[in-house]
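Engineer: Next up is a structure, given as structure tokens.
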Amino acid sequence: MQYISYKGLLLASAALTLLSTPLKAQDNIPANSDNMETTVTDQQPVFTFDTISVTASRDEKLAIDSPASISIVTEEEIERRQAETVHDLLKDLPSVELEGGTRNTVIKPSIRGLGGQRVVTRIDGARQNFNSGHKGGLFIDPALLKQVEVLRGPASTIHGTGALGGVVAFKTKSADDFLEAGEKYGAQISTGFSTVDNGVHGNITGYARPLENIDLMASVTRRKTDDYDAGDGKKRAYTDDDLVSGLIKGGIDIADFHRLGLSYRLYRDDHNLPATPDGLSTSSIVERESKEDSFVLDYSYDNPDNQWFDSSIKAYYDVTDIDEVRISDGRHQERTLETLGLEGFNTSHLDFHDNAQLAVTIGGEIFHDTQEGESNGADIGGYPDAERNIYGVYLDNTLTLFEDLELTAGLRYDSYSLEADGQQDSEETSTSPRFAVSYQVLPFLQPYVSYAEAFRAPSLGETYASGLHFPGGGPIPNNFFVANPNLKPETAKTWEVGANIKHDGLFRSDDALRAKVSYFRNNVDDFIELDVDVAGGTTTSSNVTKARIQGFEAEIHYETPTVYGSLSGSRIRGKNSDTSEPLSGIAGDKAALMLGYHFQDIGLDLGGRVLAVRDQERVPNGSDEIDGYATFDVFSTWDADDYVPGLKINAGIDNILDKNYRRGAAVLDEPGRNFKVTASLKF
């Protein structure tokens, strides 16, 4: 009877949330444990870095073994944080910040001081290319996510245009993440609330394996919040939210080693907010609907006995639409971006000798962006109707000698073209080489050195923006965008020296330490900046800046069956190479600490987090210094399966000291103290 009452309560709560408006996750170990370095038993922890990396190389490798700066946010950590936004997931990672402020649809990731279009963002492999000034460009709800991987540093050899700062790859859940061995079907419901914004959310997920070779999943989430309270106890206007996100995914195993998958993801967010939602002004409030629909079709062939073919092909179609109506006068604006893409690669594993293996990857990518915008039926200033075509091919090789020495070398060739009606076409090519050397000096220590180049093609808005930017007044003339089809691509060249540390049985037989440390220097040429000439009445993009960004990063994880924790930090310095003036967008020194304890007998986890950021005094002339801050969180996770089958409960308090602070160069204060609880039931 107790089980029935819990089940009924959760069903009713989730249904009510969905109509009106996870909690220790499944282990991050696939059913086939071949992907793990060692066999995991009940006495061995699951390590954050003992997860396959998909960003640094197409040759599958554990993140801890990759000669690159990689961070992994696992499903367990996503649900432990009860994340409402992407910022909740990434804020503790070294050299990673979220630009745009606190409003959900404005958030954009920044890596090593490079943000916006200088970071490649992918969801299940599909590029997220939408960009429109202050409007944001990342539309994903954390409830759908299984994992987030962040690659820091230039990565155009594999990922093409835009990867100057790095890559953020989101991976959504699938039926395999829910189905137990021998299960044919099932469902999970979850519901929760947060106090800082009177937020409620609910999720219903169904999954099935009707045949041995077919898996299906459907999931829908509703999240609704009010304006949140900052640390000073005052509400921040127009920060409420009302969104629906959904995911339908299926896969079929064809023969023994072929797999075909298809997914559809939707996002709908409807709320009122300022026309420039990353700012403080509330003089122009719009009713905004943000919509995204994404389709991904993928095929893979993975036969461990076939050394010549390990293949993947992915096709995707993504359409993002922002529809705004200004409340004061009914002005109607709409911005739409459609992206159609195709990418594929094949890796051959060649054994020349017992002590010499070569992995050769040949791949390519092509995508087409179509951008349209209108304001009351006319063109929108700054968002022209235009198209962009980009294709690239690459060769990436990894030679392993004596199992300890690894040499990686790759080269990519890209070509892009941009066009708009009545404007001059823009065409350019780029090559992106990379190499890395790593050596297993000791069983637990793998130092490496790497060099990589990256490029970013100009956006359609930067190249072809025209029309009114903002009206003048008095002696100030109206300001108009001026197109510049002669823009060069931005380029980055980075040296990095680092080390991977992997040690089992450090203090006791069942503990483990995983760590990554690195120092990097990134030289960026032909920075594209928006030059606003107020007196002259023009705004245009141009290549004006050379920059140098350098810094140090460290990330350490320690785990036992009972005690676990992590420590990370970053220190970045950036300057204009021509003037030696500090760059904008460089975050203050940051450190994050997490400690937890697992009570095995009752399935309960308790822990806390600390995030500390120093003052940022190194800012461009005329800019305000940015205050530092420190926040403290506590969390708990109870796997109550022994008491109520399938029940898990997460509870926590974010910003427990109710600190009033702002992150980075944001203008809105962050939420204050926030009590939150989420319960899920699997049946």
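The values are calculated or read from the model by the stated rules, or taken from the named source; none is laboratory data. Worth saying up front: this structure is predicted, and the values here are computed from it rather than measured. Don't worry about glycine lacking a Cβ; one is built from the backbone with ideal geometry, like all the others, and counts go over all protein chains shown. Accessible surface areas use protein heavy atoms only, side chains included; no ligands, DNA or RNA. Shrake-Rupley method; radii C 1.70, N 1.55, O 1.52, S 1.80 Å.
Engineer: Just to confirm, what accessible area per residue do you get for the chain at 1.4 Å probe, in whole Å²?
Structural biologist: Roughly 42 Å² per residue, with all protein chains present.
Engineer: Under 5 Å between amide H atoms, partner at least 5 residues away or on a different chain: which partners does LEU668 have, H built in plane at 1.01 Å?
Structural biologist: Under 5 Å from the amide H of LEU668 lie the amide H atoms of THR102, each far enough along the sequence or on another chain.
Engineer: Oh, and also: Percent of accessible area on region 389-548 owned by carbon and sulfur, 1.4 Å probe?
Structural biologist: Heavy-atom surface of region 389-548 belonging to carbon and sulfur, 1.4 Å probe: 57 percent.
Engineer: Quick one: order GLU77, GLU338, GLU670 from most to least accessible surface, probe 1.4 Å.
Structural biologist: GLU338, GLU77, GLU670
Engineer: Rounded to the nearest 20 Debye, what is the dipole magnitude of the chain about its Cα centre when Lys and Arg each give +1 and Asp and Glu each give -1 at the C-beta?
Structural biologist: Using only the charged Cβ atoms, the result is roughly 1220 debye.
Engineer: Further question: Roughly how many percent of the accessible protein surface of region 563-683 is carbon and sulfur, given a 1.4 Å probe and a whole-percent answer?
Structural biologist: Here carbon and sulfur together make up 54 percent of the probe-accessible area.
Engineer: Nearest 5 percent is fine: what portion of the DSSP beta bridges confined to the chain is antiparallel?
Structural biologist: Counting DSSP beta bridges with both partners in the chain, the antiparallel share is about 100 percent.
Engineer: Hey, another quick one. Determine the relative contact order of region 105-232: mean sequence separation of Cα pairs under 8 Å and six or more apart, normalised by residue count, in whole percent.
Structural biologist: With pairs under 8 Å counted, the relative contact order is 20 percent.
Engineer: Right, next: Counting each DSSP H run of 4 or more residues in the chain as -39500 (n - 2.57), what helix-only mean residue ellipticity at 222 nm follows after dividing by all residues, to the nearest 500 deg cm²/dmol?
Structural biologist: -1500 deg cm²/dmol
Engineer: In whole Hz and in residue order, list the ³J(HN,Hα) couplings for region 534-549 that follow from phi through the Karplus curve 6.51 cos²θ - 1.76 cosθ + 1.60, θ = phi - 60°; x for Gly and Pro.
Structural biologist: These are the phi-based 3J(HN,Hα) values: 5, 5, x, x, 10, 9, 8, 8, 8, 7, 10, 10, 10, 9, 10, 10 Hz.
Engineer: Accessible surface of LEU506 in the full protein assembly, 1.4 angstrom probe, to the nearest 10 Å²?
Structural biologist: 70 Å²
Engineer: Taking a threshold of 29 Å on the Cα-Cα distance, which of the pairs LYS291/LYS546; LYS575/LYS659; LYS171/LYS224; LYS493/LYS516 fall above it?
Structural biologist: LYS291/LYS546; LYS575/LYS659
Engineer: Between LEU567 and PHE507, 0.36 nm times their residue separation minus their Cα-Cα distance comes to what?
Structural biologist: 19.8 nm
Engineer: If you don't mind, another one. So, with +1 on the Cβ of K and R and -1 on the Cβ of D and E, and no other charges, what is the size of the charge dipole of region 536-683 about its Cα centre, to the nearest 20 debye?
Structural biologist: The dipole of region 536-683 has a size of about 460 debye.
Engineer: Name the residues whose placed amide hydrogens come within less than 5 Å of the amide hydrogen of TYR383, ignoring near sequence neighbours (fewer than 5 apart) on the same chain.
Structural biologist: SER466
Engineer: For ILE556 and ASP354, calculate 0.36 nm times their separation in residues minus their Cα-Cα distance, and state this gained length in nm to one decimal.
Structural biologist: Length difference between fully extended and current span is 69.4 nm.
Engineer: May I ask what percent, to the nearest 5, of DSSP beta bridges between residues of region 435-555 are antiparallel?
Structural biologist: Just about 95 percent of them are antiparallel.
Engineer: Calculate, in nm to one decimal, what LYS184 and ASN306 gain on full extension: separation in residues at 0.36 nm each, minus their alpha carbon distance.
Structural biologist: Value of the extension gain: 40.8 nm.
Engineer: For region 609-624, list residues with backbone N below 11 Å from a point placed 7 Å from the Cα of SER584 toward its Cβ?
Structural biologist: Counting only backbone N, you get 620-624.
Engineer: Along the charge dipole of the chain, pointing to its positive end and built from +1/-1 on Cβ of Lys, Arg, Asp and Glu, which listed residue (ALA436, VAL220, PRO109) has its Cα farthest out?
Structural biologist: Farthest towards the positive end: PRO109.
Engineer: Could I ask something else about it? Which ³J(HN,Hα) values, rounded to whole Hz and listed in residue order, are derived for region 308-314 from phi using the Karplus coefficients 6.51, -1.76 and 1.60 in 6.51 cos²θ - 1.76 cosθ + 1.60 with θ = phi - 60°, glycine and proline given as x?
Structural biologist: Computed from phi, the couplings for region 308-314 are 8, 10, 9, 10, 8, 10, 9 Hz.
Engineer: Leaving out ligands, DNA and RNA but keeping every protein chain, what accessible area does VAL544 have, in Å² rounded to the nearest 10, with a 1.4 Å probe?
Structural biologist: Rounded to the nearest 10, the figure is 80 Å².
Engineer: Please state the charge dipole magnitude for region 392-476, taken about the Cα centre, from unit charges on C-beta atoms (+1 on K and R, -1 on D and E), reported in debye and rounded to the nearest 20.
Structural biologist: My answer is approximately 260 debye.
Engineer: Apply 1/(1 + (r/R0)^6) to the Cβ-Cβ distance of ASP329 and HIS134, taking R0 = 30 Å, and write down the FRET efficiency to the nearest 0.05.
Structural biologist: Efficiency, from the Cβ-Cβ distance: 0.95.
Engineer: Per-residue accessible area for LYS659 at 1.4 Å probe radius, Å² rounded to 10?
Structural biologist: Accessible surface of LYS659 is approximately 80 Å².
Engineer: Using the beta-carbon distance between PHE470 and PHE295 and R0 = 35 Å, what value does 1/(1 + (r/R0)^6) give for FRET efficiency, to the nearest 0.05?
Structural biologist: Taking R0 as 35 Å, the efficiency between PHE470 and PHE295 is 0.40.
Engineer: Per residue Cα convex hull volume for region 576-683, in cubic angstrom?
Structural biologist: Enclosed volume per residue, from the Cα hull, is 134 Å³.
Engineer: While we're on this one: Residue by residue, what Karplus-based ³J(HN,Hα) values in Hz, rounded to whole numbers, does region 164-170 have, using 6.51, -1.76 and 1.60 with θ = phi - 60° and x for Gly and Pro?
Structural biologist: 6, x, x, 9, 10, 10, 9
Engineer: Report for region 90-196 the percent antiparallel among DSSP-assigned beta bridges with both residues inside it, nearest 5.
Structural biologist: Taking every DSSP beta bridge with both residues in region 90-196, the antiparallel ones total about 75 percent.
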